[in-house]
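Q: Let me give you the structure first, and then I'll get to my questions.
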Amino acid sequence: MSDTQFDKSWQKRTTKQELLLWLGWLALVAFFVFCWEVMNKNTIWAFVSDAPRQAMDIGSRMVPPRWDYLPSLMEPLWDTIAIATLGTLMALFMAVPVAFMAARNTTPSTRFVRPVALLIIVSSRSINSLIWALLLVAIIGPGVMAGIVAIAFRSIGFVAKLLYEAIEEIDAVQVEAVSATGASKAQIMDYAVVPQILPAFAGITVFRWDINIRESTVLGLVGAGGLGLRLQESLNVLAWPQVTVIFILILITVLVSEWVSAKVRHAII
């Protein structure tokens with residue numbers, strides 16, 4: 001090895017660096033103590049100490065599952081799958097233009113259009129699907145439609161962010177080669193950009209659909225339809241054997257969607 005690989009010598013921190021380091025640790029400890037005080041103030045420790053007994057009591061009531069309740073869950077299960085699928089498709093139609101506007105190498109304007117696209121992405125990703133569902137149930141009304149739009153609004157940021165990063169990482173040589181033939185911007189997009197991002201786009205789509213299956217199972221808790229609605233109904237009347245059946249069905253649905261997603265991604269990539 002050459003001596004140039006060892007040119008970095010150890011240096012003691014300056015007084016200013018030491019002071020900043022200790023101030024950082026002090027701020028971290030103070031923040032931890034503050035969080036602990038807030039948690040301790042709003043926690044009834046008698047309930048916490050009684051939690052294991054309550055969990056065992058509820059667990060004993062959930063067994064055995066009420067299997068005759070399963071047929072009535074087929075329609076809500078279909079609603080859940082429809083919410084995830086249609087919400088994902090709706091998000092794709094909105095996310096693709098946003099992704100092209102956010103990517104530096106395809107945006108019409110890095111000064112005006114790109115910041116707006118990035119704002120849309122951040123806004124979508126920062127609001128949970130349950131919050132979207134709460135808002136949309138109040139606007140649209142309860143039902144599957146509110147769930148579909150909530151999933152779509154939540155998915156725009158996820159799909160657009162990953163897609164615009166894929167667009168920015170394309171091989172510029174291919175773009176230059178197509179441009180050298182005198183192709184128009186539309187032809188450059190069609191022959192040089194889109195073919196390079198298609199595998200990433202397909203993988204992102206399937207991955208997001210898999211996530212949306214899980215998220216759509218709980219949207220019914222706020223009135224957006226699907227299995228979550230039946231779960232809320234069972235919890236309200238303390239029908240614990242029915243809750244067990246719903247949990248098992250949700251688990252099986254998520255496992256199947258995970259398997260399908262893995263198979264499709266493996267076939268694409």
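Q: Can you run down the residue pairs with Cβ atoms below 7 Å, 6 or more apart or on separate chains, where the first is in segment 153-174 and more than 11 Å from R125 (Cβ to Cβ) and the partner is of a type in the set (D, E, K, R) and open to solvent by 10 Å² or more (accessible area, probe 1.4 Å)?
A: E168/R104
Q: So V116 fits all but one of (1) open to solvent by 40 Å² or more (accessible area, probe 1.4 Å); (2) modelled with pLDDT under 85; what number is the exception?
A: The failed condition is (2).
Q: Six or more apart or on different chains, Cβ under 6 Å: which pairs go from a residue in segment 101-113 that's in contact (Cβ under 8 Å) with a residue 12 or more places away in the chain to one that's open to solvent by less than 70 Å² (accessible area, probe 1.4 Å) and part of a loop (DSSP other than H, G, I, E, B)? Could you list them?
A: Taking only residues 6 or more apart or on different chains, the pairs are M101/T107; V113/T107.
Q: Does A84 satisfy the condition of being among the small types (G, A, S), over 15 Å from the mean Cα position of the chain (by Cα) and either surrounded by 17 or more Cβ atoms within 10 Å (Cβ to Cβ) or part of a helix (DSSP H, G or I) (or both)? Write out each step before concluding.
A: On the way: among the small types (G, A, S): yes; over 15 Å from the mean Cα position of the chain (by Cα): no; either surrounded by 17 or more Cβ atoms within 10 Å (Cβ to Cβ) or part of a helix (DSSP H, G or I) (or both): yes.
No.
Q: Need at least 3 residues that are crowded, with 18+ Cβ neighbours inside 10 Å and at pLDDT 80 or above per element, so show me which helices (runs of 4 or more DSSP H) inside segment 164-250 make the cut, counting only ones lying wholly within it. Let's see the steps before the verdict.
A: Numbers: elements: 172-180, 185-188, 194-216, 227-236.
The qualifying helices (runs of 4 or more DSSP H) are 194-216, 227-236.
The values are calculated or read from the model by the stated rules, or taken from the named source; none is laboratory data. Remember, predicted model here, so these are calculated numbers, not experimental data. Glycine also receives a Cβ, built like all others from the backbone with ideal geometry; neighbour counts cover every protein chain displayed. Surface areas here come from the heavy atoms of the whole protein model, side chains and all, with no ligands, DNA or RNA. Shrake-Rupley method; radii C 1.70, N 1.55, O 1.52, S 1.80 Å.
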